[in-house]
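Trainee: Structure provided below as structure tokens; questions to follow.
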Amino acid sequence: MLLTVTDLHASYSGIRALAGVSLNVAEGEMVALIGPNGAGKSTLLNCISGIVQPSAGQIRVEEAELVRRPAWAIARMGILQSPEGRQVLPNMSVLENLQVGANALHGRRPTHDLDAVFRLFPILQERQEQLAGSLSGGQQQMLAIGRALMGGPRLLLLDEPSLGLAPVIVQQVFEALAQLRRDGMTILLVEQNARKALQVSDRAYVIEHGHVVTEGPSRELAQDNSVMAHYLGTGGH
Amino acid sequence: MDTLLSFRPLFDLFLIHLGFAYSQYIVLRAGAFSIGNVGLSAIGAYTAAILTVNYGLPLPVTLLAGALAGLAFGTLLAIPLARLRGVYQAIASLAFVQIVLSANLYAENVTGGAMGFSGIPKLVGTGTLLVFALGTIYVMLAISRSRLGRAFDAVREDEGMAVSLGINAARTQAIAYMISGLLAGLFGSLEALHSYAVEPNQFGFHLIIVILSYVVLGGRRSVWGPLVGVALLIALPEISRPLADARIMIYGLILMVVMNFMPRGIVDTLVARRARRRSRAANPEVRQAEVKG
């Protein structure tokens, strides 16, 4: 296993966000975390990347324990997060944003150079001289993912990449994710758009109230009407 | 020729203050709001003056010692300042400048106290100043284009995001303090060995305001910002010399006008405007409102 999370607990300003979550991600696997708003999905991702400190539990990448490591050190190990809400550095150019991403390499071998990122997201090449803040929402999302790729991810953490995007742009983003999966990238994807997430991933965990309520191969979960109806309402669109 | 020669002291002042401005610029670029560099310049100036007059050491040694003294104290200063942010950082660094000033006042037998330290031979001329100023610009450009420069920008723009991209923010800012200290110490030494005498209040609140004005007026991000700021604010009082008494007022007025209409400073505002025009031309569907700043 590349990533092993064991019995993780975390609280956010007094509210229990994670109540004993365990999950794992194998090398080359794409795993989706789905569940309703406020289920603890983002908190889990933020615990892995070191932005949030869990109150108990373990997070291991191979043999290394991540808990209590500073966020910058975790990023340098190649555990890279594309944050929720398309966070780019708005006053820096697209190219500079991508170059900043390479800081996480810190001597490790890159997985993607600029050309590879531009092949995945051709629009970024066209807009490379522009300020990142002037991009559309979908382009900023692509930039945030591209920036993480520049850091040579061993594990790519994606937080709600489809949030607030138009359906046609969501389609483009998910096509890029499918391409990354074919290339063998290890990805942990947090998504509210459950149907899309189950289409693109190998396995999935359904999280509710800080617990894993069910897990399994994505294809089986997608066909399990009780999962779709009970945990995900209409099951996305 | 005579008129050109009469501008030489002004040009020397420009070169020295350019170095001071870059020692201020580099910390602001890294997102640290420290004005401690003025204190570090004082340390460099006194180190060079004392080593030259009392110990008769040669110029290269005294300059190196002044620069290293600035570097050493800059590194020390980085430790407490790393725990502070924004205006608290500024206040703490101002306290540091006051401490250096007081130390220079009270350590009379070493520094000459309030009377200052005089009888320094003039070992530094326009040529030496020009070499160091050009060298500084070159180094600033090299840093600007390096990974370190982009790390400075990321930490300044969004420290939390920089950290999640694998940038050790505290370490990055510490490097900025060290470069700042080195420059402050070096140009403080050059100032001492150029102007026959140094006195404690020369490196006080007035100099802080002047240097901060250069960088704020010219720009905090582009390497050319401080250059434009220093050139403008040094040339301005001379050009407006006939207006004699109104000079300080004009200085203040220009600062207020620029701050209101070009809050990022002259160079950075122009650069941003050009980038925005390009963005609009290439991407007409994106509304102007989405562009921040």
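Trainee: Determine, for each peptide in B:63-74, B:265-276, B:111-122, B:41-52, the mean count of other beta carbons within 10 angstrom over its residues, then list the peptides with the highest first.
Mentor: Ranking, from highest mean packing down: B:41-52, B:63-74, B:265-276, B:111-122.
Trainee: Apply the Karplus parameterisation 6.51 cos²θ - 1.76 cosθ + 1.60, with θ equal to phi minus 60°, to every residue of region B:45-57 and state each ³J(HN,Hα) to the nearest whole Hz, in sequence, with x for glycine and proline.
Mentor: Per-residue couplings from phi come out as 5, 5, 4, 5, 5, 5, 5, 6, 6, 7, 10, x, 6 Hz.
Trainee: If you don't mind, there's one more thing I want to ask. Can you give the % of DSSP beta bridges in the protein assembly as shown that are antiparallel, to the nearest 5?
Mentor: Once the DSSP bridges in the protein assembly as shown are tallied, antiparallel ones form about 60 percent.
Trainee: Can you list, largest first and rounded to whole Å, the semi-axes you get for the protein assembly as shown by taking the square root of 5 times each eigenvalue of its Cα gyration tensor?
Mentor: 54, 25, 18
Trainee: For region B:64-222, what is the charge dipole size about the Cα centre, in debye to the nearest 20, if Lys and Arg each add +1 at the Cβ and Asp and Glu each add -1 at the Cβ?
Mentor: In total the dipole reaches around 460 debye.
Trainee: With the Cα gyration tensor of chain A in hand, give its eigenvalues times 5 under a square root as the equivalent ellipsoid semi-axes, listed largest first in whole angstrom.
Mentor: 27, 21, 16
Trainee: Are there any trypsin sites (Lys or Arg not before Pro) in region A:9-91 that are in a DSSP loop and have at most 11 other Cβ atoms within 10 Å? List them by number.
Mentor: A:Arg68
Trainee: Give the dimensionless ratio obtained when the Cα radius of gyration of region B:145-293 is divided by 2.2 N^0.38 Å.
Mentor: 1.29
Trainee: Take the alpha carbon atoms of region A:36-108, find their center, do the same for region B:98-117, and report the distance between the two centers in whole angstrom.
Mentor: Cα centroid to Cα centroid, the span is 50 Å.
Trainee: Test of understanding: what is the full-extension gain from A:Glu27 to A:Glu175, defined as 0.36 nm times their sequence separation minus their Cα-Cα distance?
Mentor: Gain on stretching A:Glu27 to A:Glu175: 51.2 nm.
Trainee: What's the longest piece of chain A with no exposed GluC sites (Glu not before Pro), counting a site as exposed if DSSP puts it in a loop and it has at most 15 other beta carbons within 10 Å?
Mentor: My reading of the result: A:130-237 is the longest stretch.
Trainee: List the relative contact order of region A:1-96 as a percent without decimals, with contacts defined as Cα pairs under 8 Å and 6+ residues apart.
Mentor: 28
Trainee: With the Cα gyration tensor of region B:65-113 in hand, give its eigenvalues times 5 under a square root as the equivalent ellipsoid semi-axes, listed largest first in whole angstrom.
Mentor: In descending order, the three semi-axes are 23, 15, 6 Å.
Trainee: On to the next question. Normalised by the residues of chain A, what does the relative contact order come to in percent, with Cα pairs under 8 Å and at least six apart?
Mentor: Computed value for chain A: 27 percent relative contact order.
Trainee: Across the residues of A:96-102, average count of Cβ atoms on other protein chains within 10 Å?
Mentor: Taking all residues of A:96-102 together, the mean is 5.
Trainee: Charges on Cβ only, +1 for Lys and Arg, -1 for Asp and Glu, centred on the Cα centroid of the protein assembly as shown; of A:Leu158, B:Gly181, A:Val212, which one is farthest towards the dipole's positive end?
Mentor: B:Gly181
Trainee: While we're here: How charged is the neighbourhood of A:Gly28? Take every other residue with its Cβ under 11 Å from the Cβ of A:Gly28, and add Lys/Arg as +1 and Asp/Glu as -1.
Mentor: Once positives and negatives cancel, what remains is -1.
Trainee: Can you compute the modelled spin-label distance between B:Arg274 and A:Arg108, with each label point 7 Å from Cα toward Cβ, in nm?
Mentor: 3.7
Trainee: Still on this structure: Tell me, what HN-Hα J-couplings in whole Hz come from the Karplus equation 6.51 cos²θ - 1.76 cosθ + 1.60 at θ = phi - 60° for each residue of region B:141-155, using x for Gly and Pro?
Mentor: Whole-Hz 3J(HN,Hα) from phi for region B:141-155: 5, 4, 4, 4, 8, 8, 4, 4, x, 5, 5, 3, 4, 5, 5.
Trainee: Hey, what do the phi angles of region A:36-48 turn into as Karplus ³J(HN,Hα) couplings, whole Hz, using 6.51/-1.76/1.60 and θ = phi - 60°, x for Gly and Pro?
Mentor: With coefficients 6.51, -1.76 and 1.60, one gets x, 3, x, 6, x, 4, 5, 4, 4, 4, 5, 5, 5 Hz.
Trainee: For region B:236-283 and region B:154-199, what is the separation of their C-alpha centers, rounded to whole Å?
Mentor: Value for the Cα centre distance between the two parts: 25 Å.
Trainee: Using only Cα atoms, tell me the angle between helix A:167-182 and the longest principal axis of chain A; keep it within 0 to 90° and round to the nearest 10.
Mentor: Taking the Cα atoms of chain A, the angle to A:167-182 is about 90 degrees.
Trainee: Relative contact order, percent, of region B:2-290 when contacts are C-alpha pairs under 8 Å separated by at least 6 residues?
Mentor: Once normalised by length, the contact order is 30 percent.
Trainee: What do you get for Rg/Rh of region A:32-136 when both radii come from the Cα atoms and Rh is the Kirkwood radius?
Mentor: 1.01
Trainee: Quick one: which residues, 5+ away or cross-chain, put their amide H under 5 Å from the amide H of A:Val213? H built at 1.01 Å from N.
Mentor: A:Val206, A:Ile207, A:Glu208
Trainee: A:Glu29's amide H: which non-local residues (gap 5+, or another chain) put their own amide H closer than 5 Å, with H modeled 1.01 Å from N in plane and none for Pro or chain starts?
Mentor: A:Ile187
Trainee: Using only Cα atoms, what is the ratio of the radius of gyration of region B:2-290 to 2.2 N^0.38 Å?
Mentor: Working it through for region B:2-290, the quotient is 1.04.
Trainee: Moving on to the next point. Give me the angle, in degrees from 0 to 90, between the Cα long axis of helix B:224-239 and the longest principal axis of the Cα atoms of chain B, rounded to the nearest 10.
Mentor: Computed tilt is about 60 degrees.
Here, each number is a calculation from the coordinates, and none is a lab measurement. Because the structure is a prediction, the values reported are computed rather than measured. Virtual Cβ from ideal backbone geometry, glycine too; neighbours counted across all protein chains shown.
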